[in-house]
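The values are calculated or read from the model by the stated rules, or taken from the named source; none is laboratory data. All figures in this text were calculated on a predicted structure; none of them were measured in a lab. Cβ atoms come from the backbone with ideal geometry, glycine included; neighbour counts cover every protein chain shown. To get the accessible areas, we keep the full protein, side chains included, count just its heavy atoms, and leave off ligands, DNA and RNA. Shrake-Rupley method; radii C 1.70, N 1.55, O 1.52, S 1.80 Å.
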Amino acid sequence: MKYLLFACTLFGAFLAFVLRTPVPEGLGEPWKYRLLIATMSLQALSARIRAYFQPDNPHAYIQALRSIRDLTNQPSPSEIKGSNIRSKVTTFDGVRVRLYEPIKKEDSLQPALIFIHGGGNALGSPDGYDRLTRLIAERLNVVVVSIDYRLSPEHLFPAGHLDCLRATSWFLRNADQDFSVDTSRVAISGDSAGGHLSATVSQAIHDDQTLPNLKLQILIYPVTQSLDLLTPSYQKYDQDFGDEGVLPRKRVAAFTSMHHLGRSDPLYMQQILSNEHIIEEFRLNSPYLRYVDHDVIPTELRKETRLYLPPRQGPGNESLWNQIKGTYLDPRWSPLLREDLSGLPQAFVTTCGFDSIRDDGIFYAKRLEAAGVKTKWKHYPSAFHGVMFLSNFFWFQVGEEMTKDMVEFIQNNI
Ligand SMILES: *[C@@H]1O[C@H](CO)[C@@H](O)[C@H](O)[C@H]1NC(C)=O
């Protein structure tokens with residue numbers, strides 16, 4: 001009887017979440033989306049309850065959320081009947097990776113793919129992404145390396161970047177001998193925070209004269225900057241979803257705060273959300289704000305923000321600015337702000353119609369192109385942030401299309 005009551009309560013909560021999820025017009029497969037968001041809300045609620053009983057652990061909520069997601073994100077077995085891909089966990093120069101390798105190898109050296117998972121630098125794991133990375137390895141029939149980098153709030157910037165860089169560098173130095181990989185044909189890819197890391201690692205590898213350049217970078221709805229949290233796409237997200245959905249502005253600010261300070265600091269979050277972290281002097285005298293110029297966003301996309309507000313012009317908070325500028329202007333934090341983007345790997349950037357950070361991807365794609373990097377940008381109007389991979393149970397048509405486009409881009413250009 002007790003269990004029945006519990007199950008009914010749980011089901012009731014789920015139903016309530018399903019029904020209150022806002023779904024803007026034009027978003028693909030709305031009912032599947034509702035179920036996904038309800039599942040995520042239920043996971044978050046369970047994590048809050050678990051964290052409530054650990055008042056002394058400042059990271060209790062995020063850790064509870066990770067372990068709840070781990071329950072449903074178990075990796076597939078190492079070998080699967082009928083598949084030519086075998087997977088295992090190993091380390092590259094001390095960094096844990098999940099490695100996918102063809103069982104029957106080709107005679108010649110083959111290309112390879114480095115994959116960096118998303119999750120706001122705080123969530124996600126190679127195991128949780130196993131279904132996607134295995135699928136890509138199977139379709140390409142090449143080595144895929146999925147990096148298990150350190151996450152915040154336990155590990156602050158630039159720990160995650162350094163892990164990804166270390167594993168990638170080791171791979172580029174050793175993969176010809178160890179895995180029969182042609183190290184001049186290695187692509188890097190990731191979604192969301194993983195797209196951000198793919199961009200920063202591409203830049204760092206480019207600057208290391210002892211390593212071959214990466215051949216391709218596939219940036220799936222990446223984060224590229226924290227100077228402007230009121231771009232047209234951030235504003236559109238507020239209008240479409242408010243604080244709901246996959247990536248409300250508040251959640252971006254919380255991830256940013258955890259990555260930078262190791263905690264979600266309400267004042268810090270509130271100030272970056274209103275762009276008070278940028279002081280007037282910097283706005284007027286530096287080239288950086290040209291990189292987040294709203295006019296770069298195509299008019300038809302800008303028009304989707306119904307009540308568009310031009311960038312805020314206040315004096316800004318000088319003491320906050322002094323606290324953050326060293327980090328925010330570091331290209332490892334904001335790859336968009338690197339001055340010279342020439343010579344970086346050929347790029348494929350994808351963006352979604354329902355994504356607060358849509359414009360981050362567009363800004364970066366436009367700058368790459370202007371710097372002479374061969375760049376393809378594809379916008380998926382009906383897609384939402386995370387559509388390519390958020391759960392082992394919900395797969396969306398447009399996410400499948402994005403995966404297919406990514407695989408084809410690699411096949412055609414590697
Ligand atoms: C400016 O930022 C600092 C550091 O975050 C904070 O302590 C201070 O209260 C802020 N000042 C105002 C006027 O918001």
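Of the beta bridges in the stretch 76-414, as assigned by DSSP with both residues counted there, near 30 percent are antiparallel.
For the stretch 165-232, how big is the tail of P(r) above 17 Å, as a whole percent of Cα pairs? Counting every Cα pair in the stretch 165-232, those more than 17 Å apart make up 46 percent. The convex hull of the Cα atoms of the stretch 209-267, projected and averaged over all directions, covers 6.5 nm². Extending 7 Å from Cα along the Cβ direction at Glu244 and again at Leu45 yields two label points whose distance is 1.4 nm.
Across 10 Å bins from 0, what is the distribution of all Cα-Cα pair distances for the chain, in whole percents? P(r) over the chain, rounded to whole percents: 5, 22, 33, 26, 12, 2, 0.
Of all complete DSSP H helices in the chain, those with a Cα span along the helix axis of 18 Å or greater and a mean Kyte-Doolittle hydropathy of 1.0 or more are 2-20. With a Förster radius of 25 Å applied to the C-beta separation of Glu339 and Lys378, the computed FRET efficiency comes to 0.40. Think of it as helices only: each DSSP H run of n ≥ 4 in the chain is worth -39500 (n - 2.57), and spread over all residues that comes to -14500 deg cm²/dmol at 222 nm. Think of the chain as having a plus end and a minus end, set by charges on the Cβ of Lys, Arg, Asp and Glu; of Leu132, Tyr291, Pro311, Leu132 sits farthest toward the positive end of this dipole. Estimated at the nearest 10 Å², the accessible area of Met258 is 20 Å² with a 1.4 Å probe.
Seen from Asp330, the other residues with C-beta closer than 13 Å to its C-beta sum to a net charge of +2, counting Lys and Arg as +1 and Asp and Glu as -1. The Cβ shell under 13 Å around Ala122 holds other residues with a net charge of +4, Lys and Arg each +1, Asp and Glu each -1. Placing unit charges on the Cβ atoms only, positive for Lys and Arg and negative for Asp and Glu, gives the chain a dipole magnitude near 840 debye about its Cα centre. Taking one quarter of the surface of the convex hull spanned by the alpha-carbon atoms of the stretch 264-337 gives a direction-averaged projected area of 5.9 nm². Show log10 I(q)/I(0) for the stretch 2-72 at q = 0.13, 0.18, 0.22, 0.28 Å⁻¹, two decimals, from a solvent-free Debye sum over equal Cα scatterers. Result of the Debye calculation: -0.47, -0.80, -0.99, -1.14. Annotation: lysines with alpha-carbon distance below 21 angstrom to Lys250 (same-chain offsets under eight excluded): Lys236, Lys325. As a calculated quantity, the FRET efficiency between Glu318 and Arg251 at R0 = 35 Å, using C-beta atoms, amounts to about 0.80.
Share of carbon and sulfur in the accessible area of the stretch 336-414 stands at 48%, probe radius 1.4 Å. Looking at the chain, the accessible area is 44 square angstrom per residue; that uses a 1.4 Å probe and ignores ligands, DNA and RNA.
Partner lysines whose Cα lies under 18 Å from the Cα of Lys81, excluding those fewer than 8 positions away in the same chain, are identified as Lys104, Lys105. Average 1/r across all pairs of distinct alpha carbons in the stretch 6-131, invert it, and you get the Kirkwood radius: 17.9 Å. When nucleic acids and ligands are ignored and a 1.4 Å probe is applied, Ser319 ends up with an accessible area of around 80 Å².
Ellipsoid fit via the Cα gyration tensor, the stretch 66-123: semi-axes of 25, 16, 10 Å, each the root of five times an eigenvalue, largest first.
Setting aside same-chain residues fewer than 8 positions from Lys374, which lysines have a Cα under 27 Å from its Cα? Candidates past the 8-residue exclusion: Lys215, Lys366, Lys404. The coefficient of translational diffusion for the stretch 100-230, derived via Stokes-Einstein from the alpha carbon Kirkwood radius under 37 °C and 0.692 mPa s, stands at 219 µm²/s.
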